1. When N is the residue count of the range 37-103, what does its C-alpha Rg come to as a fraction of 2.2 N^0.38 Å?
2. Choose one of Gly51, Val78, Gly122: the residue whose Cα lies farthest towards the positive end of the charge dipole of the range 3-139 (beta-carbon charges +1 Lys, Arg; -1 Asp, Glu; about the Cα centre).
3. Would you tally the net charge around Leu114, using a Cβ to Cβ cut-off of less than 15 Å, leaving Leu114 out, and scoring K and R as +1, D and E as -1?
4. Where does helix 3-27 land angle-wise versus the long Cα axis of the chain, in degrees 0 to 90, nearest 10?
5. Using every Cα-Cα pair within the chain, state what percent have a distance larger than 19 Å.
Amino acid sequence: MRAKPTLYWLITSLIVFAVLSGGVAELVQRRETVEGMLHLGYPLYFISILGVWKVLGAIALLIPRFPRLKEWAYAGIVFNMTGAAVSHAATGDNTTHIVVPLVLAVFAIASWALRPPARIIGALPGPKIIQLHTEAAVNVGL
């Protein structure tokens, strides 16, 4: 058994479950979810917006291909979770309400870092590639 792919799918499954279940709770406007968002000072329409983006983000992480879409999903999850932690801290909520979203943000970052090559947009050019491009430009007189 290869550890990196197993760890990737374990962490990704946890983050997808958390984001998807939270998104569905927001879309169906579960009573506890509505009360929590109002407590944080957000308007009701914001719940639906977050719900849609969370569900779409979770789906993006699961489907094959579309690496750029996955990058956006990871970024959105990290923004959402860090924003949730700050919102809970600003309203004086207990530590659990602050730490849990931060842990989920770390899981999203870990999932991103462990993703398989097929889910990566592409490597940035390294020194060797830059050198080859420079040599090619010189050879054609640029």
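What follows is calculated from the coordinates using simple rules that are stated; it is not laboratory data. Note that this is a predicted model, so its numbers are computed, not measured. We place every Cβ from the backbone using ideal geometry, glycine too, and count neighbours over all the protein chains shown.
1. Against the compact-globule rule of thumb, the ratio is 1.24.
2. Of Gly51, Val78, Gly122, it is Gly122.
3. Cβ neighbours under 15 Å give a net charge of +4.
4. Between helix and principal axis, roughly 40 degrees.
5. When all Cα pairs of the chain are counted, 59 percent exceed 19 Å.
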